[in-house]
1. Kindly indicate whether any position in the stretch 2-9 is within 16 Å of the ligand (Cβ to nearest atom), in a loop (DSSP other than H, G, I, E, B) and either in contact (Cβ under 8 Å) with a residue 24 or more places away in the chain or touching a Leu at 6+ places or on another chain (Cβ under 8 Å) (or both).
2. Identify the residue in the stretch 20-60 that is within 16 Å of the ligand (Cβ to nearest atom) and in contact (Cβ under 8 Å) with a residue 40 or more places away in the chain and, among all such residues, is farthest from LYS9 (Cα to Cα).
3. Looking only at the stretch 26-60, count how many residues are of a type in the set (Lys, Arg) and surrounded by fewer than 12 Cβ atoms within 10 Å (Cβ to Cβ).
Amino acid sequence: MVEPDQLPKPRCKSCGSAVVLRDAYACWDENQQEWTLHSCYDDFRCENCDAQSKHVDWLV
Ligand SMILES: [Zn+2]
């Protein structure tokens, strides 16, 4: 069985951090009574070094 930490994840191209955020829209879910993810866009931002990019590295 493959563990989650053995799977590739997005990495910041500048500092290598795996804490990468992505531009997205949230929409209101009346049933859940909370904001839920609607769609993702192409821009990424690193939470660690604040670098912005349209590309990330996918590494284990
Ligand atoms: Zn970074």
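FYI, it's all coordinate maths here, none of it is from the lab. Please read all numbers here as calculations on a predicted model, not as lab measurements. All Cβ positions, glycine included, derive from the backbone under ideal geometry; neighbour counts span all protein chains shown.
1. Among the residues of the stretch 2-9, not one is within 16 Å of the ligand (Cβ to nearest atom), in a loop (DSSP other than H, G, I, E, B) and either in contact (Cβ under 8 Å) with a residue 24 or more places away in the chain or touching a Leu at 6+ places or on another chain (Cβ under 8 Å) (or both), which makes the answer no.
2. SER53
3. The qualifying residues number 1.
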